[in-house]
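Please read the structure below before turning to the comments.
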Amino acid sequence: MALIMSCQNEAPITLGNGILINNVTILTPNENGYTSFKGSVIIDNDKIVKVSKNDQTLNGNYQTVNGKGKYIIPGLIDSHVHLASIAGMGWKHKKKYPELAKDYYNQLPRSYLYFGYTTLVDVNNYAPNVINGILRKPVRPDIYTCGDQIVVAHDLMMNDTPVEDRLIEHPHFLHDKYNDNVEMPSDIDLDKHTPKALVSRIVDESQGICVKTLYEDGFGGTEELTWELPSKDIIKEIVTEAHAQNVPVLLHANAYEAQKFGLETGIDVFAHGMWHWGKLTDYLNVNELPETHKNLLIEIANKKVGYQPTIRVVGGQKDVFNVNFLRNKKLQHVYPEDLLNWLNTEEGKWQEQNIRKYAKSFFDGLTNEEIMALLQKVVDKVEIATSTLAEHDANLVFGTDTPAANTHTMPPGLNGYLEMQKWQESGVSLEQILLAATYNNAKAFNLEDKYGSIEENKIANLLLLDKNPLKTIGAYNTIEKVIIRGQLLNRENLSATSN
Ligand SMILES: [Zn+2]
């Protein structure tokens, strides 16, 4: 009865600048999974104004998209990107080839949209001018940041700076008062270096929606620990302060010990998967999670702590040595042609030498194929850990860390698609993947009133797909239209080849 009433009594909707997508299969995630039904989505300006199973009477100004046989999902969210870092170029190349860098940045927002990423979270906004430049572009994803990453005095981020210059070069450092190794010069105003001061700076001055900090205990024993680790108490204070200001805390943690530390301190999102199970040499050929590790991951899953496996961080390093990687035709859509050509030159392959150098004792004398085989064993670790998390229904939150270490093998947008494939190979279900990249992400970053599902009053960031993403991961590469804040875009016009 009520259904018929509502059907007949619905008032006509008048649109100012609208889009009607009708006859479409709507896939909208929610707390418990997703709902799927045929119907229509109505957008006006930058908002979703109606989602309905029934036909609606519309007035005013709008265009119609026939969604017959197609699927509509919320725009994807990648909550771990570094927009100022160029995939494929270090700062020296950037300086030497400013035109290549310029072309890259011009294409960057379109490359994310090309693969359906309509919301990005830059977790370390170290170069606000770059992000501000992207924000001025007419076609771009929505961008949020965690402000500057919180750097603890004398931690890894300061390690390359001479001791006497560290606090000057990193003026917004955090003073870890619980660490007796650290002595503060007497002229430092300690009140400016408390968790409260730092979190306030990120939230108030940088409009950050999250804070990120780091626990890196030596890259699986491949590097000697010559820097300070944060104390448990100081991270707990960060968490308390961040929660008081309503923002989540992300922790860079890719090792068992680091994730144990993260769980004990109450952080909200692990910014990496667990690829170091201990010393790399001890675990290289171990293919089953030790009981301790398994229990920790299950606890992380049960407590619903956010978790970004970032499998492609290691997978991308491996692909640096893969001669076929640059032959992937999809790269043409995300890299400008001139940059792609440069990446194919000897100079463009600088990362091979780079990786060989920093993991010298491991890679010395090995062929590229042997290095790939070795790195695959590290990829296996993070995939096994991810599979345990998926099995226990962890709160997976989609993030890629694009482009970690400036590798060209983590291309903007495309790397998200590659990461999704790795998740699926690790045993994460298609439903879990869709939720991680939409609803879970929105929730983890307190953005659920804007994004994450197809509901009235949310921002009109949507994807129209030819295939069903709950049937095949390939659906994420069958995007036909990208809708960003109510702007209807054809995918092909976002490609680097369309310039
Ligand atoms: Zn990162």
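Observations, loosely collected:
- The portion of the accessible surface of segment 123-249 made up by carbon and sulfur, rounded to a whole percent, is 47 (1.4 Å probe; DNA, RNA and ligands excluded).
- Angle in degrees between helix 232-244 and the longest Cα principal axis of the chain, rounded to the nearest 10: 30
- Efficiency of FRET from Cβ geometry, Thr472 and Asn446, R₀ 22 Å, rounded to 0.05: 0.10
- Cα long-axis angle, helix 414-425 against the chain (0 to 90 degrees, to the nearest 10): 90
- Between Ser498 and Glu257, the contour length at 0.36 nm per residue exceeds the Cα-Cα span by 82.1 nm.
- Over the Cα atoms of segment 187-276, the radius of gyration divided by the Kirkwood radius equals 1.00; this is the Rg/Rh ratio.
- Placing a label point 7 Å from the Cα of Glu205 along the Cα-to-Cβ direction, the residues of segment 116-144 whose backbone N falls under 15 Å of that point are 125-129.
- Against the chain, whose longest principal axis comes from its Cα atoms, helix 291-302 is set at around 40 degrees.
- Full-extension gain in nm, Asp160 to Glu223, via 0.36 nm per residue minus C-alpha separation: 21.3 nm
- With a simple spin-label model that places each label point 7 Å from the Cα along the Cα-to-Cβ direction, the separation between Thr35 and Asn181 comes to 5.4 nm.
- Difference of contour (0.36 nm per residue) and Cα-Cα distance, Leu284 to Arg485: 67.7 nm
- Cα-projected label distance for Tyr126 with Gln376, points at 7 Å along beta-carbon direction, nm: 3.3
- Förster radius 45 Å - calculated FRET efficiency between Ala11 and Gln332 (Cβ-Cβ, nearest 0.05): 0.40
- Protection proxy ranking, highest mean first, for peptides 281-292, 334-345: 334-345, 281-292, where packing is the per-residue count of other beta-carbon atoms within 10 Å, averaged.
- Alpha-carbon centroids, segment 76-104 and segment 160-181: separation in whole Å: 28
- Of all accessible heavy-atom area on segment 439-499, the percent that carbon and sulfur account for (1.4 Å): 39
- Dipole magnitude of the chain about its Cα centre (Cβ charges: Lys, Arg +1; Asp, Glu -1), debye to nearest 20: 2040
- Computed with the Debye formula from one identical point scatterer per Cα of the chain, without solvent, the log10 of I(q)/I(0) at q = 0.08 Å⁻¹ comes to -0.50.
- Rounded accessible area per residue of the chain, 1.4 Å, Å²: 42
- Dipole magnitude of segment 295-418, debye to nearest 20 (Cβ charges: Lys/Arg +1, Asp/Glu -1, about Cα centre): 120
- Modelled label positions at Lys68 and His243, each set 7 Å beyond Cα in the direction of Cβ, lie 5.4 nm from each other.
- For segment 1-110, Kirkwood radius (reciprocal of mean inverse C-alpha pair distance, Å): 17.6
- Rel. contact order, % - alpha carbon contacts under 8 angstrom, at least six apart, segment 76-444: 22
- Among beta bridges identified by DSSP and lying wholly in the chain, the antiparallel ones come to about 50 percent.
- Computed with a 1.4 Å probe over protein heavy atoms only, the accessible area of Arg312 comes to about 10 Å².
- Counted charge near Asp364, where neighbours are those whose Cβ lies closer than 13 Å (Asp, Glu -1; Lys, Arg +1): +2
The values are calculated or read from the model by the stated rules, or taken from the named source; none is laboratory data. Since the model is a prediction, treat every value here as computed from it, not as a measurement. Here the Cβ is made from the backbone with ideal geometry for all residues, glycine too, and neighbour counts use every protein chain on show. SASA here: full protein model, heavy atoms, side chains in, ligands and nucleic acids out. Shrake-Rupley method; radii C 1.70, N 1.55, O 1.52, S 1.80 Å.
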